[in-house]
Amino acid sequence: MMMMERVTTSHTQRNALIYIRQSTANQLRFHQESTERQYKFHERALQLGWSTDKIEILDKDLGISGKEMTNRPDFRKLVADVSMGKVGAVFALEASRLSRSCADWHRLLELCALTASLIVDEDGVYDPSNFNDQLLLGLKGTISQAELHSMRARLWGGKLNKAKKGELRFPLPVGLT
């Protein structure tokens with residue numbers, strides 16, 4: 001099914017929520033390409049048929065990790081709006097921008113399926129009520145969570161290796177000289 005065929009007037013009459021997140025303040029400062037790409041979803045929503053007044057950008061979670069929902073006010077708003085049937089589509093660069101927690105991700109997918117809300121990422125438009133789309137989105141979420149585990153393990157392994165060689169350096173706590 002083509003992208004435009006998935007998006008119906010039922011979707012475009014409701015809001016398009018564009019969720020924008022970077023995990024850390026350093027990423028915001030030094031890796032701005034991802035943030036720029038995320039903001040471009042506004043253009044994608046227009047191309048898919050949403051009017052400007054129906055497009056809402058959620059960017060209050062910039063610099064906040066996606067490990068859990070509790071510290072992310074815009075993710076909580078997104079989930080609440082989807083559950084109330086206000087959302088025609090959720091736009092995100094990839095599953096990891098929405099959540100690194102499989103529990104939060106699958107809960108969002110269930111809510112989207114129940115309220116006929118689409119998920120849109122760089123790869124396509126997905127209908128979580130469609131079994132094949134749900135399967136693919138579930139895999140994307142699982143891969144996102146596994147990616148976080150792999151990154152942590154790799155970083156921790158690097159620190160341990162430096163410590164074994166006596167080369168691990170880190171700054172002293174503030175006030176200690």
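Any residue at all in region 81-96 that is touching a Cys at 6+ places or on another chain (Cβ under 8 Å) and either of a type in the set (Ser, Thr, Tyr) or farther than 22 Å from Arg37 by Cβ (or both)?
Yes; the residues of region 81-96 include at least one that is touching a Cys at 6+ places or on another chain (Cβ under 8 Å) and either of a type in the set (Ser, Thr, Tyr) or farther than 22 Å from Arg37 by Cβ (or both).
In region 74-115, how many are among the hydrophobic types (A, V, I, L, M, F, W, C), crowded, with 16+ Cβ neighbours inside 10 Å and not in a helix (DSSP H, G or I)?
From region 74-115, those among the hydrophobic types (A, V, I, L, M, F, W, C) are 75, 78-80, 82, 84, 87, 89-93, 95, 98, 102-103, 105, 108-109, 111-114; that's our starting set.
The next check asks that each one be crowded, with 16+ Cβ neighbours inside 10 Å; those that pass are 75, 78-79, 82, 87, 89-93, 95, 98, 105, 108-109, 111-113.
Going one step further and asking which of them are not in a helix (DSSP H, G or I), we end up with 87, 89-93.
Here the count works out to 6.
Which ones in region 116-150 are within 14 Å of the chain's Cα centre (by Cα) and assigned to a loop (DSSP other than H, G, I, E, B)?
Asp121, Glu122, Asp123, listed by residue number.
Taking Ala45 as meeting all but one of (1) in a helix (DSSP H, G or I); (2) at pLDDT 95 or above; (3) surrounded by fewer than 20 Cβ atoms within 10 Å (Cβ to Cβ), write down the number of the exception.
(3)
Kindly provide the set of residues from region 107-117 that are closer than 16 Å to Ala92 by Cβ and out of contact with any Leu (no Cβ under 9 Å at 6 or more places or on another chain), ordered by number.
Going through region 107-117, the residues closer than 16 Å to Ala92 by Cβ turn out to be 107-109, 111-112, 117.
The answer is Arg107, Leu111.
The values are calculated or read from the model by the stated rules, or taken from the named source; none is laboratory data. Just so we're clear, the structure is a prediction, and the values are computed from it rather than from any experiment. Every residue, glycine among them, receives a Cβ derived from its backbone with ideal geometry; neighbour counts consider all protein chains shown.
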